[in-house]
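Asker: I'd like to ask you about the structure that follows.
Quick note: the coordinates plus some simple rules give every number you see, no bench work behind them. Please read all numbers here as calculations on a predicted model, not as lab measurements. Please note: Cβ atoms are built from the backbone with ideal geometry, for glycine as well, and neighbour counts cover all protein chains shown.
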Amino acid sequence: MGLSRRDWLVLGGVGTVAALAGIVAGPILLQSGDDAGGLLTTDLPDLAGHTRRLADWKGKIVLCNFWATWCAPCREEIPMLVDLREKYGVKGFEVVGIAVDNAANVREFSAKYEISYPILVAEATGLDLLRAVGNTAGALPYTLMLDRRGEILSRKLGILRKSVIEPIIKGLLDA
């Protein structure tokens, strides 16, 4: 026995309400975590094995990008991130990648793709960091823009577009 017209209308209404709730609640949930201080002071190894902290780049505008070698959208945005760093690095801008991945995979991948910006390796603890700064879903890529004091200015879940991010970088560097 199939669903009646009334059943289909009810299901459609419930689906619409659920979709609208997701549209409204999603950005709020992504903004809920705000542990920039914890992120800034977390010790993570770089590709050479030296312990670094995001706070090492205080005084610069920092685009902090959480990524993984197996993440297709992450891989798609890496050439753009390399380009942005080359273009604006001398003006006080830095890209810092935080890899939620195995250190050996990250080293190999970074060499192959000629990533010129600093990479920190968080391995599985990167998921906890993601959640602490507002990404409750733990999805990648996830990008934070930090001001010169290390305060989070914005968050972006999903792939970055140069046409959107570059004017923001220019505005922050000119401020």
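Asker: Order these peptides, 75-81, 137-143, by their mean beta-carbon neighbour count within 10 angstrom, highest first.
Answerer: Highest-to-lowest ranking by the protection proxy: 137-143, 75-81.
Asker: Of the chymotrypsin sites (Phe, Trp or Tyr not before Pro) in region 36-129, which ones lie in a loop per DSSP and count no more than 15 other C-beta atoms within 10 Å?
Answerer: Sparse-neighbourhood loop chymotrypsin sites (Phe, Trp or Tyr not before Pro): Trp70, Tyr113.
Asker: Tell me whether region 25-175 comes out rounded, prolate or oblate; compute the Cα gyration tensor, take square roots of the eigenvalues as a ≥ b ≥ c, and use a/c under 1.5 as the rounded threshold.
Answerer: Verdict is rounded for region 25-175.
Asker: Per-residue HN-Hα couplings for region 144-153, Karplus 6.51 cos²θ - 1.76 cosθ + 1.60 at θ = phi - 60°, whole Hz, x for Gly and Pro?
Answerer: Along region 144-153, the couplings run 10, 10, 10, 7, 5, 8, x, 7, 6, 8 Hz.
Asker: Okay, moving on. Could you tell me what percent of the DSSP beta bridges with both partners in region 50-175 are antiparallel, to the nearest 5?
Answerer: Of the beta bridges lying entirely in region 50-175, close to 50 percent run antiparallel.
Asker: Where a ≥ b ≥ c are the square roots of the eigenvalues of the C-alpha gyration tensor, would you call region 82-161 rounded, which needs a/c under 1.5, or, failing that, prolate if a/b is larger than b/c, or oblate?
Answerer: oblate
Asker: Quick one: Karplus J couplings for region 109-116, per residue in order, coefficients 6.51, -1.76, 1.60, θ = phi - 60°, nearest Hz, x for Gly and Pro?
Answerer: 5, 4, 5, 4, 8, 6, 6, 9
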